[in-house]
Amino acid sequence: MAFERCSPELLLDKLEGTWHGQGSGSYPQSGEFDYLETMGFSRSPKGFFVYSQHTTSLQGSPMHQELGYLRVDAHHSNLELLVVQPTGIAEVLVGEVMRDGDTFRFDLNSNAVVTSPSAKEVTRTGRYFYLENGALSYQLHMEAVGEEYQLHLEASLVQSEE
């Protein structure tokens, strides 16, 4: 594939809606696990996107959730994702959108990670997305609790017919 940088605006309409799927994760302190995920993107009246995400175990028990905003930095032609987690972690991620036909790739790396006094230490994150043929897949990498930067989560989601 020959990906070329493009305007983030070309991607946003394709993301709007609710996405569902399954993922897996691992980290030295938590071991390996599987999960079900729902991710949503909705356009706000001001033009940016509201982002929501939650996961459950395969048996339906709540696991994780986060909220935030996806916005375009038109000055630098970048995409920004602002994420807050109820566990006391806040991330600011920035990256570019790449396109090859109808396939998009957007790699977002942490510009800042801030934690509350009671949160686990997280020093770096990266979220790497791929949108192709109606499927949104991603990998989340993390440097936390003294561990080196490594893959933590990966999932593949499809958009709901709503």
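Bear in mind these aren't lab numbers, they're just calculated from the coordinates by the rules spelled out. It should be emphasised that the depicted structure is a prediction, and the values quoted were computed from it without experimental measurement. Neighbour counts run over all protein chains shown; Cβ positions are idealised from the backbone, glycine included.
Footprinting exposure proxy ranking of His76, His20, His152, fewest other C-beta atoms within 10 angstrom first, gives His76, His20, His152. FRET efficiency for the pair Val145 and Ala2, taken as 1/(1 + (r/R0)^6) with r the Cβ-Cβ distance and R0 = 35 Å, rounds to 0.35.
Dividing the summed helix terms, -39500 (n - 2.57) for each DSSP H run of n ≥ 4, by the number of residues in the chain produces a 222 nm estimate of -1000 deg cm²/dmol to the nearest 500. Take the Cα of Ser26, step 7 Å toward its Cβ, do the same at Asp100, and the gap between the two points is 2.7 nm. Remark: relative contact order (segment 1-140) = 16 percent; criterion is Cα-Cα distance under 8 angstrom and separation of 6 or more residues.
Say a paramagnetic label sat at a point 7 Å from the Cα of Ala135, along Cα to Cβ; which residues of segment 1-36 have their backbone N under 17 Å from it? Residues passing the 17 Å test: 1, 19-25, 35-36. Annotation: the residues Val50, Val83, sorted from fewest to most other C-beta atoms within 10 Å of their own C-beta, follow the order Val50, Val83.
Counted over all Cα-Cα pairs of segment 1-54, pairs farther apart than 14 Å make up 67 percent.
Among the GluC sites (Glu not before Pro) in segment 91-145, those located in a DSSP loop and surrounded by at most 13 other Cβ atoms within 10 Å of their own Cβ are Glu121. Placing unit charges on each Cβ (+1 for Lys and Arg, -1 for Asp and Glu) gives the chain a dipole about its Cα centre, and among Leu136, Leu79, Val97 the Cα reaching farthest toward its positive end belongs to Leu79. Computed from backbone phi with θ = phi - 60° and the Karplus coefficients 6.51, -1.76 and 1.60, the 3J(HN,Hα) list for segment 85-101 is 10, x, 7, x, 10, 10, 10, 10, 10, 9, x, 10, 9, 10, 9, 9, x Hz; x is used for glycine and proline.
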